[in-house]
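Undergrad: One structure follows; several queries about it will come next.
Bear in mind these aren't lab numbers, they're just calculated from the coordinates by the rules spelled out. Here the structure is a predicted model, which means the values were calculated and not measured. In this analysis, Cβ positions are derived from the backbone assuming ideal geometry, glycine residues included, and neighbour counts consider all displayed protein chains.
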Amino acid sequence: MEVTVDIRFEQLLATIKKLPAAKIKQLKSALDEGYINAKASEELSDFQNYLLGGPVMDAEQYAQFKENRKHFSTWRQQ
């Protein structure tokens, strides 16, 4: 069984500040850098979602792009 509680950040912070020092230290160690970084890497930002939703080249378009790049490179060197 799972229970979810919707509380604002300010309420959560106020509740944590009321905890005894030992419990705050325990909470802090449970939320170490590794856990926070892993959690942050799971969540995508709006910009990341925007990039992931963008157009993608297929193999034929990529081959044409490489060919064009080769032509532009030789044109610039002349």
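Undergrad: Any idea what angle helix 33-42 forms with the longest principal axis of the chain, computed on alpha-carbon atoms, 0 to 90 degrees, nearest 10?
TA: 50 degrees
Undergrad: Hey, another quick one. Please work out whether the chain counts as rounded, prolate or oblate from its C-alpha gyration tensor, where a ≥ b ≥ c are the square roots of the eigenvalues and a/c under 1.5 means rounded, while otherwise a/b larger than b/c means prolate and anything else oblate?
TA: Cα axes put the chain in the prolate bin.
Undergrad: Expected output is a single nm value to one decimal: the length gained when fully extending between A38 and F72, i.e. 0.36 nm times separation in residues minus the C-alpha distance. What is it?
TA: Numbers: separation 34, 0.36 × 34 = 12.24 nm, distance 4.27 nm.
Answer, rounded to one decimal: 8.0 nm.
Undergrad: Helix 59-77: angle to the longest alpha-carbon principal axis of the chain, degrees 0 to 90, nearest 10?
TA: 60 degrees
Undergrad: Under 16 Å between alpha carbons, and skipping anything fewer than 8 positions from K23 in its own chain: which aspartates and glutamates qualify?
TA: Straight-line reach from K23, under 16 Å: D32.
Undergrad: Moving to a separate point now. Output the 0 to 90 degree angle, nearest 10, between the alpha-carbon long axis of helix 21-30 and the longest principal axis computed from the alpha carbons of the chain.
TA: The helix 21-30 is inclined about 30 degrees to the chain.
Undergrad: With +1 on the Cβ of every Lys and Arg and -1 on the Cβ of every Asp and Glu, and nothing else charged, how large is the dipole of the stretch 1-54 about its Cα centre, in debye rounded to the nearest 20? Write down the numbers at each step before the final one.
TA: Details: 7 positive and 8 negative charges, 100 e Å.
Using Cβ point charges on Lys, Arg, Asp and Glu, the stretch 1-54 gives about 480 debye.
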